[in-house]
Amino acid sequence: MVNLKKRIPFITGAVLFLLLSVVSVSQIQPFLKLTTRDYEEFSRVTIQPSFPLSFEIEKGSSFLLVKISIDIPFRIQKDPFDSRIIRSYGWTKGRDYYILTIKTKIRDFSYDYFVLDDPTQLVIDFSEADDESRRGDREDQSLLDSALSRESDQSSTQEIQTIVIDPGHGGMEPGAQGKYGTLEKDIALAIGLKFKAVIEKNLPVRVVMTRDTDESVSLENRAAIANFEKADLFISIHANSSYRKDARGSESFFLSREASDDEARMLAYLENNPAVVEKGIGGDSEDEITMILWDMAQSAYLKESSLLAETLQEELNFLLKTRNRGIKQAPFRVLTGVACPAVLVEVAFISNPDEERKLQTEWFQNNVVEALYRGLENYINSYTRQ
Amino acid sequence: MDRKRVAILGILFVVLVVLVIVFFKSGLKEKIIPAAPISPPEVEPLRLQPGQTRIVILFFLSENDTLLHPEEREIPADTSVVHQAKQTIQELIKGSRRGFISPFPPETKLRELYVTDEGVAYVDFSKDIVEKHLSGSSAEISTIFSVVNSLAYNFNSIEKVFILIEGRERETLGGHINLSRPFLPLYDLIAQ
Ligand SMILES: [Zn+2]
C-alpha cells in the first residue's frame, strides 16, 4: 500500500502520457473499418471511416465499386467473415481516392445503401436481385461498352513521341542459356541497344531503355519505367528457348487476358476514371491492397498491341526467312502493367544450336534490328497520326 | 476519499487506459486480411468402388509442332478428385511413354495439390521446376499449360489452376509468364 501511494503521481503522469499518445496515434492514422454480416434476407457491409466520408457507388454484374474520396493513406480494419453473398474485398488506389471492390458470390444482386451519423457509417445491404435490377444492369453494361470502344479509338491515333525498349533479363538473372553458353540477357541487350540507335537516327522520337547495362531490373519496374516516361510504345526483346530441340524462328507476343465480363467492366470503369491509371507503381504498395490497376493497365491496349506484334512479326519473317510462327498471346508478367501498346519479341531460339550461333553474330543482330525497325515504321505509318 | 480508495481508483483507471490502448493499437495495426485462398480439400462421398480405375489425358510436347499432344493414362478412381488430380500431375511429370517431350525438368516434384470450392486448383511444385527450368518463353508456356490443361481437361471441378513453388506464390518461372494469377486452360494449344 505504501509503495502504491508513493507512485500515484507517477501513475497519473504515465496515464496522461498514454492518453495523449492514443489520441495522437488515432489522429495521425485515419482508418476505415469494414464489417460484413449476414441477415436472413440480405448481407450487410458496413464501412466506418475515421474521416469524413465522401463516396460514389457503381454496380457491376458480380461486384460493387465504392469510390471513397481521400488523399491521405489510411489503414483498413477488416473483420473476418463468412457470407452467403459477399465473396471478397479488393482495393485500388487512385490519386485522391480509393476504390473498394466488393465482390459477390452471386451474379445478380441488388443493393441498397444508407448513411448513419455519429459515427459516420455507410451501410450497404446486398440481396438477390429481382428482374428489374437485372435490366438496369444490362443498360449499364452497354454504356460501359461504348465508353470502352471510345477510349481505344483515341489511343490508336496517338502520336508516337516516346518508345521504351526493354532488353529482357539482366544482372543476376541471365534468362535462357544456349548450348554454347550464350546468355539471353546479353543478346537482348545487344539487340536492344542497336535498335535504339537505329530508331534515334531515323525517327524524331525519344527512346528510353529499361536497362542499358548488364543489371537486374524487376519486371514491375520495367513497366513502371515505361509509364513514368509516358511511353507510347513498349517493345521487350528476348531470345527464346524450348524443350523441343528443333524449335526455331521468331515470335511476337502480346498480352492475353481472361475474357471475363467482370474484368471488362472493371476496366471500363477504370478508363472512365483515368486518374487511377496515372498513379504509378511504387509508392506505398501494401501487400494487402489489390492493385487491380496494374494488373489491368495493358488490357486497355490489346488491340494496338496485336497490331504492333503483327507488323513486327511480318518483317521478322520476311527479312530473316524464319518460319512463320506468327503472333501469339500469353500472360507475360512484364506486359501486364504497361499503359501503352506493348509487345514482347522472341527474336530466335537460343536453345537451337544453329540459331544460337546466328544470335551471336553482328550481321544477324543487325538483320533483326532492321526488321524490327521496318515493322515499327509500318506500325507508325499505318496506325498512328503523325 | 481515503487513500485506499484513491489507490484502487487509480489502478482501475490504469487498467482501463491500458485496455483502451491495447484495443486501439491492435485495431490500427490490423491489416486487411486477404480472403483465404485455400479452403479445405473437397470432401467427397466415397461411393466409388475400390479398385476402380479411370483414363485421364496428359498433355506433352512433340518435336513435330508447337502444340500439346494428348496421351492416355490409367489412374485409380476410387479416391477423391484431389487424389486423382495429384496422381495426374505425378504421371505428367514422370513423362511420356510414347516418346513425347516432357516440358519439365526431370527433378521436378509435386509437393501438394488442393482444390478450392470455387474450382481453383493450387498445384505446389518443388523448386526444381524453377531452378532447372530452361527459362525461355516457349518453355514456360508449355510447362504451365501442360499442367493447366491436364487438370482442367480431366476434372470438371477444376476451372483454373494456380501454380505455387515450395508452397509460395512466385512471380514467374524464369522471367516471362505471370504466375500471380490463376490460369484458365488454353485448349487452342492442343493438337487435334
Ligand atoms: Zn526472356
Of B:174-184, B:93-103, A:182-192, ordering from highest average Cβ density within 10 Å down gives A:182-192, B:174-184, B:93-103
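Sort the following peptides by mean Cβ neighbour count (other Cβ atoms within 10 Å, averaged over residues), highest first: A:376-382, B:161-167, B:136-142.
Details: A:376-382: 16.9, B:161-167: 18.4, B:136-142: 26.4.
Per-residue Cβ counts within 10 Å, averaged per peptide and sorted highest first, yield B:136-142, B:161-167, A:376-382.
Assign one of three labels to the range B:83-192, namely rounded, prolate or oblate, based on the Cα gyration tensor with a ≥ b ≥ c the square roots of its eigenvalues; rounded applies when a/c is under 1.5, prolate when it is not and a/b is larger than b/c, and oblate otherwise. Working shown, then result.
Details: a/c = 1.27, a/b = 1.09, b/c = 1.17.
Cα axes put the range B:83-192 in the rounded bin.
Apply 1/(1 + (r/R0)^6) to the Cβ-Cβ distance of A:Asp246 and A:Met172, taking R0 = 45 Å, and write down the FRET efficiency to the nearest 0.05.
Using R0 = 45 Å, I get an efficiency of 0.90.
If you count, for every residue in B:138-148, the Cβ atoms of partner chains within 10 Å of its Cβ, what is the mean?
The shielding value for this peptide is 4.
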Taking a label point 7 Å from the Cα of B:Arg97 along the Cα→Cβ vector, which residues of the range B:57-83 have an amide N closer than 11 Å to it?
-> B:72-75
Taking a crude spin-label model, label points 7 Å out from Cα along the C-beta direction, the A:Glu377 to A:Ile106 distance in nm is 6.1 nm
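Using r as the Cβ-Cβ distance of B:Thr53 and B:Glu118, and R0 as 25 Å, what FRET efficiency do you calculate, to the nearest 0.05? Walk me through the intermediate numbers first.
Numbers: r = 28 Å, r/R0 = 1.14.
Plugging the Cβ-Cβ distance into 1/(1 + (r/R0)^6) gives 0.30.
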Cβ under 14 Å from B:Phe125's Cβ, B:Phe125 left aside: what net charge do those residues give with Lys, Arg +1 and Asp, Glu -1?
-> 0
With θ set to phi - 60°, apply the Karplus curve 6.51 cos²θ - 1.76 cosθ + 1.60 along the range A:49-57 and write out the HN-Hα couplings as whole Hz, x wherever there is a Gly or Pro.
-> x, 8, 10, x, 9, 10, 8, 9, 10
Within 10 Å of each Cβ in peptide B:98-105, how many partner chain Cβ atoms are there on average? Round it to a whole number, please.
-> 1
Residue-wise HN-Hα coupling along the range A:297-306, computed from phi with Karplus coefficients 6.51, -1.76, 1.60 (Hz; x: Gly, Pro) = 3, 5, 4, 6, 10, 5, 5, 5, 4, 5
Separation between the B:Ala191 and A:Leu203 pseudo-spin-labels, each 7 Å from Cα along Cα→Cβ, expressed in nm?
-> 3.9 nm
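Taking a 26 Å limit on the Cα-Cα distance, which of the listed pairs A:Lys196/A:Lys321; A:Lys103/A:Lys230; A:Lys33/A:Lys67; A:Lys185/B:Lys127; A:Lys358/B:Lys109; A:Lys245/B:Lys132 fall beyond it?
A:Lys103/A:Lys230; A:Lys358/B:Lys109
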Two-site FRET efficiency, B:Lys127 against A:Lys179, from Cβ-Cβ distance with R₀ of 30 Å, rounded to 0.05 = 0.80
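Packing-wise, with mean Cβ within 10 Å as the measure, how do A:113-122, A:165-174 rank, highest first? List each step's numbers first, then the result.
Working: A:113-122: 11.8, A:165-174: 22.2.
The densest-packed peptide leads the list: A:165-174, A:113-122.
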B:Leu67-B:Glu169 pseudo-label distance in nm [points 7 Å out on the Cα-to-Cβ vector] | 3.5 nm
Could you work out, residue by residue across B:130-136, how many beta carbons of other chains sit within 10 Å of that residue's beta carbon, and then give the average as an integer?
-> 5
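Throughout, read-outs are computed from the coordinates displayed, never taken from laboratory work. If you're wondering where the values come from, they're calculated on a predicted model, not measured in any experiment. When we count neighbours, we look across all protein chains shown, and the Cβ atoms used for this are built from the backbone with ideal geometry, even at glycine.
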